[in-house]
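Structure first, commentary second.
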Amino acid sequence: MKIEIVESLSGSFQILFSENETKFDLKKKQIIQKVENISDSMEFRFAGGEAIKNLQNAVKIGMLSSDEVATVSISETENFSEILEGILLSNYTFDKYLSEKKESPFQTLLVKKFKGAKKSVKRVQAIVDATNFTRDIVNSMPQEMYPESVANLGEELSKSNKLEITRLNSAEIEAEGMGMFSAVGRASVNPPVLLKLAHRPKDAKKKILLIGKGLTYDSGGLSLKPAEYMKNMKSDKSGASAVLGVMKAVSEMNLNVEVVGFLGLAENMIGGNAYKPDDVLTAMNGKTVEIGNTDAEGRLVLGDTLLYAQKTEKDFDYIFDIATLTGASVVGIGQFTSAIMGNNESLKKRVLKAGRDGGEYLATLPFNRFLRETLKSSIADISNIANSRYGGAITAGLFLNEFIDKENKKKWIHIDIAGPAFNEKGWGFNPAGASGTGVRTLFKFIETLEK
């Protein structure tokens with residue numbers, strides 16, 4: 001949908017908002033969309049998305065023609081950016097593999113000119129483009145998006161957006177001593193890749209490291225997933241894809257914050273050389289890990305990638321990882337919400353606020369030393385799974401905490417996006433399939449570091 005800033009909205013189908021019930025005024029060419037709670041900025045995003053869906057349905061049932069909604073419009077409101085974001089995010093379609101492409105009835109979105117309109121539109125467009133870029137990667141099939149091809153996308157982004165890049169192949173990953181990362185990817189015909197991208201403005205206000213889990217496909221390994229749980233495991237690269245999306249948005253908006261993204265890319269497959277339950281792997285920091293379940297692989301890739309990030313980057317202010325890590329997170333807080341964990345209460349509160357302001361639901365899960373005891377191993381320093389079925393999202397976070405250097409404990413946040421990263425059916429402004437979760441929270445947090 002093309003956006004134009006204009007003096008007059010004449011001839012367009014106007015999208016308006018109200019506390020009252022949604023209704024159409026066909027004579028005036030208007031939809032007045034209900035906002036569930038006008039004191040909640042998140043609801044304006046949902047209202048923008050729902051307005052687009054209602055117009056699409058009106059075309060589908062013949063109430064309106066495609067020509068009548070080809071040009072839609074919005075005016076300045078207090079929540080203009082949220083409304084625009086909801087409209088654009090809701091208008092996303094993924095039709096790459098369809099022989100007949102889905103044509104959106106909406107060709108142009110007019111924005112009535114107001115002071116600051118150009119700046120607001122540019123910012124929202126960058127966020128939406130980054131989110132949809134992330135959605136496209138996650139939605140793409142695993143035979144197309146494997147470690148090397150995702151890394152190639154990163155290389156293309158580095159060229160177009162002038163990002164610094166470092167790329168490690170499987171031999172280099174092994175040579176760095178990343179025994180956990182290396183083991184996860186070794187049974188696949190598509191070898192693992194570690195990709196590092198950096199946006200380094202002069203005199204940056206702050207520095208943040210972002211680490212994304214990029215399991216381009218997760219069969220579970222020798223602890224093989226049942227068929228019904230294997231479907232949609234292309235979405236296990238959502239964390240790394242979100243990091244790519246953030247790097248895109250940050251560089252396009254040229255935020256005055258140094259941002260370094262790390263993508264741990266691998267496939268967890270079966271084969272004669274697959275890593276096994278009972279194996280003991282050695283991490284980059286020398287810590288030994290007993291394997292209790294090969295389907296708890298994301299934490300292994302993340303652990304070594306976190307260590308590599310801390311080794312290769314110094315003097316940073318924050319280090320965040322983002323991953324579709326545990327089904328336990330979904331059980332605990334539902335499919336609409338991401339879980340955040342860490343050792344710094346004030347930092348967790350700041351991330352919660354960034355998520356809310358960015359249009360994503362987050363909740364905190366607390367660490368405790370008793371759950372840490374469930375990760376003990378009798379033959380290694382730690383086990384990759386707990387000896388209890390309870391608190392699985394937290395024990396996964398506690399496992400990652402073992403690979404955060406002491407001086408960085410208070411700088412670290414873990415974000416488990418297993419719930420909202422991929423949707424069985426659409427909700428709000430999120431379509432069925434990939435949602436692009438994490439991009440808006442991280443971008444908003446980074447924006448706050450400029451101040």
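Quick one: Cα centre-to-centre distance for region 140-204 and region 232-308, in angstrom?
Taking the Cα centre of region 232-308 as reference, the centre of region 140-204 is 10 Å away.
How tilted is helix 80-90 with respect to the longest principal axis of the chain? Cα atoms for both, answer in degrees (0 to 90, nearest 10).
70
Which FRET efficiency value, to the nearest 0.05, do you get for residue 161 and residue 370 by plugging their Cβ-Cβ distance into 1/(1 + (r/R0)^6) with R0 = 41 Å?
Rounded to the nearest 0.05, the efficiency is 0.35.
Between the helical axis of 345-358 and the dominant principal axis of the chain, each derived from Cα atoms, what acute angle in degrees is found, rounded to the nearest 10?
30
Which whole-number percent gives the relative contact order of region 8-152, counting Cα pairs below 8 Å spaced six or more residues apart?
Relative contact order for region 8-152 comes out at 22 percent.
Please compute P(r) over all alpha-carbon pairs of region 59-155, binned at 5 Å starting from zero, and give each bin as a whole-number percent.
2, 10, 16, 18, 17, 15, 11, 7, 4, 0
Only loop residues by DSSP count here, and only those with at most 14 other Cβ atoms within 10 Å; note down the trypsin sites (Lys or Arg not before Pro) in region 1-34 that meet that.
Passing sites in region 1-34 are 27, 28.
List the relative contact order of region 373-445 as a percent without decimals, with contacts defined as Cα pairs under 8 Å and 6+ residues apart. Provide the component values of the computation, followed by the final result.
Working: 50 pairs, mean separation 11.6, N = 73.
Here the relative contact order equals 16 percent.
Using only Cα atoms and rounding to the nearest 10 degrees, what angle (0 to 90) does helix 41-60 make with the longest principal axis of the chain?
60
Give the residue list of GluC sites (Glu not before Pro) in region 370-436 that are DSSP loop and have at most 13 other beta-carbon atoms within 10 angstrom.
Working: sites: 373, 402, 407, 424; in loops: 402, 424.
Passing both the DSSP loop test and the Cβ count: 424.
Please turn the phi angles of region 443-450 into ³J(HN,Hα) values with the Karplus equation 6.51 cos²θ - 1.76 cosθ + 1.60 (θ = phi - 60°), one per residue in order, whole Hz, x for glycine and proline.
Result, rounded to whole Hz: 4, 5, 4, 5, 4, 5, 6, 6.
I'm spelling it out carefully: the read-out is Rg/Rh (Cα atoms, Kirkwood Rh), the candidates are (1) 0.99; (2) 1.12; (3) 1.10, and one was derived from this structure. Which label?
(1)
Measuring from label point to label point, each 7 Å out along Cα→Cβ, what is the residue 280 to residue 232 span in nm?
Result for the modelled spin labels: 3.9 nm.
Which residue, chosen from 86, 62, 168, occupies the Cα position most advanced towards the positive end of the dipole of the chain, where the dipole is computed from +1 (Lys, Arg) and -1 (Asp, Glu) charges on Cβ about the Cα centre?
Value computed over the given set: 86.
Of the listed pairs 29/113; 162/196; 115/205; 53/96; 353/410, which have alpha-carbon separations greater than 25 Å here?
Pairs exceeding the cut-off: 115/205.
I need the chymotrypsin sites (Phe, Trp or Tyr not before Pro) found in region 388-451, filtered to DSSP loop residues with at most 16 other beta carbons within 10 Å of theirs.
The qualifying sites are 390.
Relative contact order, percent, of the chain when contacts are C-alpha pairs under 8 Å separated by at least 6 residues?
Normalised by residue count, the contact order of the chain is 16 percent.
Along Cα→Cβ, 7 Å out, is where each label goes; now give me the distance between the ones at residue 18 and residue 225 in nm to one decimal.
Here the modelled spin labels are 4.6 nm apart.
What is the gain in length, in nm to one decimal, between residue 96 and residue 129 on full extension, counting 0.36 nm per residue of separation less the C-alpha to C-alpha distance?
My answer for the length gained is 10.2 nm.
Would you calculate the separation in nanometres between label points at residue 344 and residue 288, each defined as 7 Å from the Cα along the Cα-to-beta-carbon direction?
It is 3.4 nm.
Throughout, read-outs are computed from the coordinates displayed, never taken from laboratory work. The structure presented is a predicted model; accordingly, all values stated were derived computationally and were not measured. Here the Cβ is made from the backbone with ideal geometry for all residues, glycine too, and neighbour counts use every protein chain on show.
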